[in-house]
Amino acid sequence: MNEKKIVFVWISVLTTVFVCLGFPFSGGIQEEPKHETVVVLKLVQVYVMDKKGLPVADLSREDFVLFDNGIEQKITDFEQHLLGKLSPEEKILPSGPVQARMKRKFFILLDTLSNDDTGILESKKAALHFIETQLIPGDEIGYLTFDPLTGLNLKVYLTSDFERVKQAIRKAERVPLGKTPPGLTLEDEFAKAEKDMKSHKAESRDQGINPNLKSGGQEGPGNIADDFVRPFHNPGLAHVRRGLGDMTREITEVAKALAFIPGQKSILFFSGGSVSRAKGAFAWMGRELAAANCQVFAVNAMKKRGNFRGIFDRLDLGTLAAMAELSGGKMYEDIGEYESIAEDIQTLTGNYYVLGYYIDTRWDGAFHRIQVKVKNPQYLVSAQAGYYNPKPFLKMSDLEKSLHLVDLVLGDNPYSQAPEVFSARILVYSGGNTSNSALIFCLSSEQLQDILDGQVEVVAFIIDATQTIVDSYRGEVDFSGIPAKNISMYSCFSLKPGQYECRVAVRNMKSGRGAVGLAGLEIPEPSTQKLEVFPSLFLRPLKDVQYIRLSRQNQAAPSLGDIYPFLAKNLIPVVGEIPINTKSLMAVTRVFPPAGIKPRFDMKAFLKSLSSGRESPIEVFHEAIENRDAAVCLLSRIVLPQLKPGGYELILHLSESLSGLSNATSFFFEVR
């Protein structure tokens, strides 16, 4: 089983996240959906500092003046957020709690290219300390790495589940460079790079921010990854694939593509910096990040270890300082002071105002420059550089579509849209090392008619307990040729024992509208002490059902009917909820009895109310039995009492009389 990661690669070749996972995007000309101009509330984060660099906390709405594309706007909404150290002159504090409508958003970015083992360990320690001591409920944080082999990697997308990010950071390891192959040494390669970079004209180019630049476009030294000679350019060092030029480009392009996320994004960048000649490239990156509403807090992970051999002996902290300052952030020279660094970042990001104003939104992707002033000229004001109007889905770049999909599938609360939600379930059906788990989800073409129209892409990620994407699927389905109103889709995976989370999404390839589903799974270690019983597939009566297998290339996965016999067009899998008037369910249970016997099974069923905790026996009738290789498939009919809306657990106890072995399986569902 190959573990896969979401990898962002060169924007110059427009290779996207899902191409890296083997997910191609469809081409062709499609008719663009029409979008109406609507009036929306635009929220802007504003930071105000005094001459000593401390936050100013006593301002009111009347103290601010806001311009959108040079036109003064009426500020209709106002919020004040206070955390950390304030100016000693402040006397007026908010009188009560304020409900935040704009969250703080952080990205931890761990650079393993310009770093060493000690620096990586200290970076992990500093990042974990920041999460544990400075984040507050409502904050969101993501985690990225840059390494020489795979470039920029998104480990965890923005989430309020801080523990998930901490687990991913603890897993971080250095990508080993290995022994230098015959040929040029790293020192020789670096000297050659510095010589070639004398012709690099990035510092002399006009690197001003273009206010009309649209997300995904090129700006500044547009071919910087091409003319920035990388120290690992020698083909003899083929095990190292990414360099500093790749890092500047990939970070910048991903930040610009994340423009759909409102407000300021703060990047905590743990790195050793770069060579002094790269200062122009890092300055360009800082300006581009500022335009993308990203401020960088760069932390020198190498301390003063400047006399290391190889690449590390020429690192210049001025590169980090240029990037951080031009992005509106700050550079910290010694990661050993991570506690005070965390407090300072908290002060700089935790005290801000939110200004709101209404504006007509047009679907043209145009950039709006924002300018915010305060009446007191002694204060320093920092606000996002601007924002982009929404862009029609068909006009997005491949990278934008990829991040749009990442936001849809992996976001706790997607910023790109408010998706529809459907139920999903993943069942383990075998204890073997081959295909052993089935993801099943059901869609209604009537409830999702705006999405299930024409060509639709389907994406699923299987994520283990360490937040690693261990398997994935992407495919396309043309719903114009599917007459059925109720569709049950499924795909099979091979998973080891452990805990998993499955995130699945469907997205219309013309409009970008999507729907998402979430399912959990725990695969236990095999046991010889109990009867091997796998979770039952429950079915309920429903007309006009069509099953669609999501097949993957080079995978001989069975059909759902091969795994669970007795499927029919008038039965649909129960994956999360049932209507309130449901009178009975069918259950297909896979059992692996001891070898050499003709098993005799007895089944009992119990229903437990999650609200009251009361458990009651219910009627169960054996309908049929069928052998599938080593498995015995039992078809049972379960009679349900009149149920009230709420959550329930359905428990099946199964025993085999000849061996004396028994086991149980259960299923949680909602009645609506």
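The values are calculated or read from the model by the stated rules, or taken from the named source; none is laboratory data. Source: prediction; values computed, not measured. Please note: Cβ atoms are built from the backbone with ideal geometry, for glycine as well, and neighbour counts cover all protein chains shown. What goes into the accessible areas is simple: the full protein's heavy atoms, side chains included, and nothing from ligands, DNA or RNA. Shrake-Rupley method; radii C 1.70, N 1.55, O 1.52, S 1.80 Å.
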What's the carbon and sulfur percent of the range 492-565's accessible surface, probe 1.4 angstrom, rounded to a whole number? 48
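Sorted by packing (mean other beta-carbon atoms within 10 Å per residue), highest first, where do 356-363, 607-614 land?
Most protected by this proxy first, the peptides run 356-363, 607-614.
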Quick check: pseudo-label points 7 Å beyond the Cα along Cα→Cβ at Asp450 and Thr466, how many nm apart are they? 4.1
From the Cα centre of the range 375-423 to that of the range 115-130, the distance in Å is 29
Counting Lys +1, Arg +1, Asp -1, Glu -1, what net charge surrounds Ser655 among other residues with beta carbon under 12 Å of its beta carbon? +1
Sort the range 291-450 into rounded, prolate or oblate with this rule: let a ≥ b ≥ c be the square roots of the eigenvalues of the Cα gyration tensor; rounded if a/c is under 1.5, and if a/c is not under 1.5, prolate when a/b is larger than b/c, oblate otherwise. oblate
On a C-alpha basis, how far is the centre of the range 252-303 from the centre of the range 645-672 in Å? Whole number, if you could? 53
Total formal charge among the other residues, if their Cβ is under 13 angstrom from that of Lys608, Lys/Arg +1 and Asp/Glu -1: -1
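Please give the peptides 405-413, 537-545 ranked by average Cβ packing (other Cβ atoms within 10 Å per residue), highest first, as a rough proxy for protection.
405-413, 537-545
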Which residues' amide hydrogens lie under 5 Å from the amide hydrogen of Gly386, considering only partners 5 or more residues apart or on another chain, with H built in the peptide plane? Ile370
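Classify the range 589-672 from the C-alpha gyration tensor, please: rounded if a/c falls under 1.5, else prolate or oblate depending on whether a/b exceeds b/c.
prolate
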I'd like the Karplus ³J(HN,Hα) series for the range 141-151: coefficients 6.51, -1.76, 1.60, θ = phi - 60°, whole numbers in Hz, and an x wherever there's a Gly or Pro. 9, x, 9, 10, 9, 10, 10, x, 8, 10, x
Please list, in order along the range 58-71, the HN-Hα scalar couplings obtained from phi with the Karplus expression 6.51 cos²θ - 1.76 cosθ + 1.60 (θ = phi - 60°), rounded to whole Hz, x for Gly and Pro. 10, 8, 10, 4, 5, 7, 10, 10, 10, 10, 10, 6, x, 9
Cα shape, the range 527-672, gyration tensor, a/c 1.5 rule: oblate
Taking the mean number of other Cβ atoms within 10 Å as a proxy for protection, how do you rank 517-526, 279-288, 109-118 from highest to lowest? 279-288, 109-118, 517-526
